[in-house]
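Q: Pasting a structure here, questions to come.
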Amino acid sequence: MIVRILGEGQFDVPDAGRAALDELEHALNTAVDGQDEAAFASALGALIDAVRKAGSALPPDAFTSSDLVVPFSDATLAETKALLEEPGGERV
Amino acid sequence: MGVMKRMSGILQAKTNKLLDKAEDPRESLDLSYQKLLENLQKVRRSVADVTTAKKRIELQATQLQAQADKLQQQAKDALSQDREDLAREALARRAALAPQLADLQTQHQQVADQEQKLIVTAQNLQTQVDAFRTKKETMKATYTAAEAQTKIGEAVSGISESMGDAGMSVQRAQDKIDSMQARAGAMDELLASGALTDLTNPVDDIQAQLDQVSASSTVDNDLAALKAEIGAGAPAQLGPAETTPAKESGEAPA
């Protein structure tokens, strides 16, 4: 599974790491929906750490697309919410 | 749907336009390469913009710090002239500069972070440009039309995605610069108006008062020195002068 951290690059995360990421992402979703700035920052930090740790960084010339995309490491809650309103970010 | 999947959808939507343009997958390779070059230029320009913004903040911080140092010195001068009121005023103004300086430092850190990120983005794009230049020719020569459809499609969407990422990084840096520029403009105005006692204004009010105190104490000192001089040499020299006709001009004695 390829995960991109915006502004940083892509990581190849083994499928075994998926469950842990899902759990961390859940915390991020909750923080976004609950407008909780502090929870957002810590959930985002934890998710990014997990991606970096579980995955191996792909070289910039891997030329492959990602399955999942993580916001910028220093993204704010407001910025992320605004981004999620853009086309393609619909919940479906 | 989670944030990561939604983010992925947004990035895809941003880059779909590029893929739609080319009908022949081989053509899309050249188009992608062209876009990659343009993207690299854009990111490089953005690095330059961020660096300029950073320099401006540094300049303002230096000016503010110089003001704070000057006020500190004025407070010392005032105390040595027994003007505690002036010293207090100088220190109060100095204290008022502290939050402004702290704000500039925060802004500086943010801009420096953006700059660093964009530099890495530019380096990555450069690597992609170099690698893709040869890769696209190999792909064109190797793949049959059927293979090209999928293989090239995958490479092109990978490239589009990283360009989308770079584009978002540039936009983000630009947003930060824009919001900072408004504040930097306000700070420049504040510095220029003298509200922060502009450095380019050589004599501010505290300095004027200190100069005045210092000037009048100089006069006092000179006066005292003169009196001492006169007191010491007077009996012998000034005594006979009392009888001179100069008195008749109507001048009052000192």
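Q: State whether the residues of region B:32-48 include one that is within 14 Å of another protein chain (Cβ to nearest Cβ), within 30 Å of residue A:27 (Cβ to Cβ) and part of a helix (DSSP H, G or I). Lay out the reasoning, then the answer.
A: To start, the set of residues in region B:32-48 that are within 14 Å of another protein chain (Cβ to nearest Cβ) comprises B:32-33, B:35-36, B:39-40, B:43, B:46-47.
Narrowing the set further to residues that are within 30 Å of residue A:27 (Cβ to Cβ) leaves none.
No, there is no match, as no residue in region B:32-48 is within 14 Å of another protein chain (Cβ to nearest Cβ), within 30 Å of residue A:27 (Cβ to Cβ) and part of a helix (DSSP H, G or I).
Q: Do you know which of the residues in region B:46-67 that are among the hydrophobic types (A, V, I, L, M, F, W, C) and within 10 Å of the chain's Cα centre (by Cα) is surrounded by the fewest Cβ atoms within 10 Å (Cβ to Cβ)? Working first, answer last.
A: Just the residues of region B:46-67 that are among the hydrophobic types (A, V, I, L, M, F, W, C), to begin with: B:47-48, B:50, B:53, B:57, B:59, B:61, B:64, B:66.
Imposing the further condition that a residue be within 10 Å of the chain's Cα centre (by Cα) reduces the set to B:53, B:57, B:59, B:61.
On the way: B:53: 24, B:57: 23, B:59: 13, B:61: 18.
Step by step, filter region B:46-67, then rank; the result is B:59.
Q: Confirm whether residue A:3 is at the interface with chain B (Cβ under 9 Å from one of its Cβ atoms), over 12 Å from the mean Cα position of the chain (by Cα) and buried (at least 19 other Cβ atoms within 10 Å of the Cβ). Give the derivation first.
A: Values: at the interface with chain B (Cβ under 9 Å from one of its Cβ atoms): yes; over 12 Å from the mean Cα position of the chain (by Cα): no; buried (at least 19 other Cβ atoms within 10 Å of the Cβ): yes.
So residue A:3 fails the test.
Q: I'd like to check something: does region B:154-163 contain any residue that is more than 14 Å from chain A (Cβ to nearest Cβ), touching a residue at least 24 places away in the same chain (Cβ under 8 Å) and either crowded, with 19+ Cβ neighbours inside 10 Å or of a type in the set (Phe, Trp, Tyr) (or both)? Even if it seems obvious, please write down each step before you answer.
A: Of region B:154-163, the ones more than 14 Å from chain A (Cβ to nearest Cβ) are none.
No, because not a single residue in region B:154-163 is more than 14 Å from chain A (Cβ to nearest Cβ), touching a residue at least 24 places away in the same chain (Cβ under 8 Å) and either crowded, with 19+ Cβ neighbours inside 10 Å or of a type in the set (Phe, Trp, Tyr) (or both).
Q: May I pose another question? Take the residues of region A:52-80 that are β-branched (Val, Ile, Thr) and under 21 Å from residue B:118 (Cβ atoms): which is nearest to the chain's Cα centre (by Cα)? Working first, answer last.
A: Filtering region A:52-80 for residues β-branched (Val, Ile, Thr) gives A:64, A:69-70, A:76, A:80.
Next, only the ones that are under 21 Å from residue B:118 (Cβ atoms) stay: A:69-70, A:76, A:80.
Values: A:69: 5, A:70: 2, A:76: 13, A:80: 11 Å.
Among them, the one singled out is A:70.
Q: Another question about this same structure. Give the number of residues within region B:109-121 that are surrounded by 21 or more Cβ atoms within 10 Å (Cβ to Cβ) and more than 8 Å from chain A (Cβ to nearest Cβ).
A: The total comes to 3.
Q: Turning to a different aspect of this structure: Determine whether residue B:70 is crowded, with 19+ Cβ neighbours inside 10 Å and either out of contact with any strand residue (DSSP E or B) (no Cβ under 6 Å at 6 or more places or on another chain) or under 16 Å from residue B:158 (Cα atoms) (or both).
A: Working: crowded, with 19+ Cβ neighbours inside 10 Å: no; either out of contact with any strand residue (DSSP E or B) (no Cβ under 6 Å at 6 or more places or on another chain) or under 16 Å from residue B:158 (Cα atoms) (or both): yes.
So residue B:70 does not fit the description; no.
Q: Can you spot a residue in region B:111-130 that is in a helix (DSSP H, G or I), within 18 Å of residue B:183 (Cα to Cα) and of a type outside the set (A, V, I, L, M)?
A: To start, the set of residues in region B:111-130 that are in a helix (DSSP H, G or I) comprises B:111-130.
When the remaining residues are screened for being within 18 Å of residue B:183 (Cα to Cα), the result is B:111-112, B:114.
Narrowing the set further to residues that are of a type outside the set (A, V, I, L, M) leaves B:114.
For region B:111-130, residues in a helix (DSSP H, G or I), within 18 Å of residue B:183 (Cα to Cα) and of a type outside the set (A, V, I, L, M): present.
Q: Taking the condition of being at the interface with chain B (Cβ under 8 Å from one of its Cβ atoms) and surrounded by fewer than 17 Cβ atoms within 10 Å (Cβ to Cβ), how many residues in region A:43-60 meet it?
A: Residues that pass the stated criteria total 1.
Q: Pick from region A:17-37 the residues that are more than 17 Å from residue A:84 (Cβ to Cβ) and without any contact (Cβ under 8 Å) to a residue 24 or more places away in the chain: which of them is nearest to the other protein chains (Cβ to nearest Cβ)? Walk me through it before giving the result.
A: First, the residues of region A:17-37 that are more than 17 Å from residue A:84 (Cβ to Cβ): A:17-24.
Next, from what is left, pick out any that are without any contact (Cβ under 8 Å) to a residue 24 or more places away in the chain: A:18-19, A:22-23.
Numbers: A:18: 11, A:19: 13, A:22: 8, A:23: 11 Å.
Filtering region A:17-37 for residues that are more than 17 Å from residue A:84 (Cβ to Cβ) and without any contact (Cβ under 8 Å) to a residue 24 or more places away in the chain, the one nearest to the other protein chains (Cβ to nearest Cβ) comes out as A:22.
None of the figures in this text is laboratory data; all of them are computed from the coordinates on show. Since we're looking at a predicted model, the values are computed, not measured. FYI the Cβ positions are ideal-geometry reconstructions off the backbone, even for glycines, and counts take in every protein chain you see.
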